[in-house]
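S.K.: Got a structure for you, written out below as structure tokens; questions coming shortly.
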Amino acid sequence: MMRDLRISVTDRCNFRCTYCMPKELFGADHAFLPRASLLSFEEIARLARLFAALGVTKLRLTGGEPLVRKEIERLVALLAPIPGIADISLTTNGSLLTADKARQLKAAGLQRITISLDALDDATFKAMNGVGFPVRKVLDAIDNAVAAGFAPVKINMVLKRGANDACIEAMAEHFRGSGCVLRFIEFMDVGTTNGWRMQDVVPSAEVIARVDARWPLERVPANYPGEVANRWRYKDGAGEVGVIASVTQPFCGGCTRARLSAEGVLYTCLFA
């Protein structure tokens, strides 16, 4: 049963992350969709109502980078009153999440927010995001989300062997006790553009073993059927971490998700 719909509001992004939109292939001359091809906010809301009538209860706004789309809080306000929709969330790289934007999104009805951060080390992070964006500004965005009342803020870290796998413990230490939930994501093959190789994947079992060696962990049950993250909590009470093991421990059998692309194409799998 489809319960979760991920809605891409734009194909554009202001980052060029090596595992998603490498700048070698998405250069200044890359042809993104013309604005007229994007679904309007009203069209997205109409589709969301139809999906809700068919059993969808959760919406997640994505991109590209969703905050590149102007006045996205207006879309949130259109989605929030839809009968049957119990949860609206957004995933962002944080670059445009000012304190004011976070407050606007919260006031419009956004319930949860996930911010991507692949390293705390500036050199590593700048190399991975491909545009030299500094860590400090993402940490500020996380603070803005917390101040606006989003709780818990989730932090997504995509792990790539040889790029940022040395940063696992530093990230865990930083977010322990912060109230934020750090999630380690295996590097995925999501098309033909990111140069995916199995040897670049850091298995989630390795991640948990490394974190557990420093700060003992215990498994936590899933929040709901079909949850993709395996949850672990620190035995000392300093919060929890999650791993999304889409490569080494596929969860296709329990998948409840579909994706609506920015131009209105429905995909039943991210790998499609």
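S.K.: Could you please give the count of residues in region 18-47 that are in a loop (DSSP other than H, G, I, E, B) and modelled with pLDDT of 95 or more?
M.R.: Initially, region 18-47 is screened for residues in a loop (DSSP other than H, G, I, E, B), giving 18-34, 38-40.
The next check asks that each one be modelled with pLDDT of 95 or more; those that pass are 38-40.
Within region 18-47, residues that are in a loop (DSSP other than H, G, I, E, B) and modelled with pLDDT of 95 or more number 3.
S.K.: Would you pick out the residues in region 46-74 that are more than 21 Å from the chain's Cα centre (by Cα) and open to solvent by less than 40 Å² (accessible area, probe 1.4 Å)? So that I can check it myself, show each step before the final result.
M.R.: Going through region 46-74, the residues more than 21 Å from the chain's Cα centre (by Cα) turn out to be 46-47, 49-55.
Those that are more than 21 Å from the chain's Cα centre (by Cα) and open to solvent by less than 40 Å² (accessible area, probe 1.4 Å): Phe51, Ala52, Gly55.
S.K.: I've got another one for you. Can you pull out every residue in region 130-139 that is over 16 Å from the mean Cα position of the chain (by Cα) and either of a type in the set (S, T, N, Q) or surrounded by 15 or more Cβ atoms within 10 Å (Cβ to Cβ) (or both)?
M.R.: Result: Gly130, Phe133, Val135.
S.K.: Additional query: Please go through (1) among the charged types (D, E, K, R); (2) within 18 Å of the chain's Cα centre (by Cα); (3) at pLDDT 90 or above for Glu173 and return the number of the only condition it doesn't satisfy.
M.R.: All conditions pass for Glu173, except number (2).
S.K.: When you go through (1) of a type outside the set (Val, Ile, Thr); (2) in contact (Cβ under 8 Å) with a residue 24 or more places away in the chain; (3) over 19 Å from Tyr19 (Cβ atoms) one by one for Met128, which number turns out not to apply?
M.R.: (3)
S.K.: Scan region 5-26 residue by residue and report those that are under 30 Å from Leu54 (Cβ atoms) and hydroxyl-bearing (Ser, Thr, Tyr). So that I can check it myself, show each step before the final result.
M.R.: Quick first cut of region 5-26, residues under 30 Å from Leu54 (Cβ atoms) only: 5-13, 20.
Selection gives Ser8, Thr10.
S.K.: Here's another thing I want to ask about it. Within region 211-230, how many residues turn out to be open to solvent by 20 Å² or more (accessible area, probe 1.4 Å), more than 16 Å from the chain's Cα centre (by Cα) and farther than 16 Å from Met2 by Cα?
M.R.: 10
S.K.: Can you name the number of the only condition in (1) within 23 Å of Ala147 (Cβ to Cβ); (2) touching a helix residue (DSSP H, G or I) at 6+ places or on another chain (Cβ under 9 Å) that Ser89 fails?
M.R.: (2)
S.K.: Which residue pairs have Cβ atoms closer than 6 Å, lie 6 or more positions apart in sequence or on different chains, and pair a first residue in region 177-197 that is farther than 30 Å from Ala147 by Cβ and open to solvent by 40 Å² or more (accessible area, probe 1.4 Å) with a second residue that is modelled with pLDDT of 85 or more and of a type outside the set (Phe, Trp, Tyr)?
M.R.: Pairs that qualify, where the first residue is farther than 30 Å from Ala147 by Cβ and open to solvent by 40 Å² or more (accessible area, probe 1.4 Å) and the partner is modelled with pLDDT of 85 or more and of a type outside the set (Phe, Trp, Tyr), are Thr193/Leu25.
S.K.: A follow-up question, please. Take Gly242 and tell me if it is assigned to a loop (DSSP other than H, G, I, E, B) and among the small types (Gly, Ala, Ser). Break it down stepwise before answering.
M.R.: Working: assigned to a loop (DSSP other than H, G, I, E, B): no; among the small types (Gly, Ala, Ser): yes.
So Gly242 does not fit the description; no.
S.K.: Tell me, which residue of region 19-42 that is in contact (Cβ under 8 Å) with a residue 12 or more places away in the chain and open to solvent by 90 Å² or more (accessible area, probe 1.4 Å) is nearest to Pro66 (Cα to Cα)? It would help to see each step written out before you state the result.
M.R.: Start the filter on region 19-42 by keeping residues that are in contact (Cβ under 8 Å) with a residue 12 or more places away in the chain, which leaves 19-23, 25-26, 32-33, 37-39, 41-42.
Narrowing the set further to residues that are open to solvent by 90 Å² or more (accessible area, probe 1.4 Å) leaves 23, 25, 42.
On the way: Lys23: 19, Leu25: 21, Glu42: 16 Å.
Of everything passing the filter in region 19-42, Glu42 is nearest to Pro66 (Cα to Cα).
S.K.: Shifting gears a bit: Quick one: which residue in Ala166, Ala148, Ala170 is surrounded by 21 or more Cβ atoms within 10 Å (Cβ to Cβ) and on the phi < 0 side of the Ramachandran plot?
M.R.: Values: Ala166 fails: surrounded by 21 or more Cβ atoms within 10 Å (Cβ to Cβ); Ala170 fails: surrounded by 21 or more Cβ atoms within 10 Å (Cβ to Cβ).
Step by step, each of Ala166, Ala148, Ala170 is checked, and only Ala148 is surrounded by 21 or more Cβ atoms within 10 Å (Cβ to Cβ) and on the phi < 0 side of the Ramachandran plot.
S.K.: I've got another one for you. May I ask you to say which residue of Asn14, Asn93 is open to solvent by 20 Å² or more (accessible area, probe 1.4 Å) and within 30 Å of Arg136 (Cβ to Cβ)? Show your work before the answer.
M.R.: Details: Asn93 fails: open to solvent by 20 Å² or more (accessible area, probe 1.4 Å).
Every option except Asn14 fails the conditions.
S.K.: For region 243-272, how many residues meet the condition of being open to solvent by less than 70 Å² (accessible area, probe 1.4 Å), within 18 Å of the chain's Cα centre (by Cα) and polar (S, T, N, Q)?
M.R.: Final tally of qualifying residues: 3.
S.K.: How about region 96-105: which of its residues are open to solvent by 10 Å² or more (accessible area, probe 1.4 Å) and of a type in the set (A, V, I, L, M, F, W, C)? Spell out the reasoning first.
M.R.: The initial filter retains those residues of region 96-105 that are open to solvent by 10 Å² or more (accessible area, probe 1.4 Å), namely 96, 98-101, 103-104.
Passing the criteria: Leu96, Ala99.
S.K.: Moving to a separate point now. Might you check whether a residue that is within 26 Å of Thr256 (Cβ to Cβ), of a type outside the set (D, E, K, R) and in contact with a Lys or Arg (Cβ under 7 Å, 6 or more places away or on another chain) occurs anywhere in region 106-115?
M.R.: Yes, the conditions are met somewhere in region 106-115.
S.K.: Follow-up. List the pairs whose first member sits in region 218-239 and is at pLDDT below 95, whose second member is in a loop (DSSP other than H, G, I, E, B) and surrounded by 17 or more Cβ atoms within 10 Å (Cβ to Cβ), and whose Cβ atoms are under 6 Å apart, counting only residues at least 6 apart or on separate chains?
M.R.: If the second residue must be in a loop (DSSP other than H, G, I, E, B) and surrounded by 17 or more Cβ atoms within 10 Å (Cβ to Cβ), the pairs left are Gly226/Thr256.
The values are calculated or read from the model by the stated rules, or taken from the named source; none is laboratory data. What you see is a predicted model, and the numbers here were worked out from it, not measured in a lab. Backbone-built Cβ (ideal geometry, glycine too); neighbour counts: all protein chains shown. Ligands, DNA and RNA are excluded from the accessible area calculation, which covers all protein heavy atoms including side chains. Shrake-Rupley method; radii C 1.70, N 1.55, O 1.52, S 1.80 Å.
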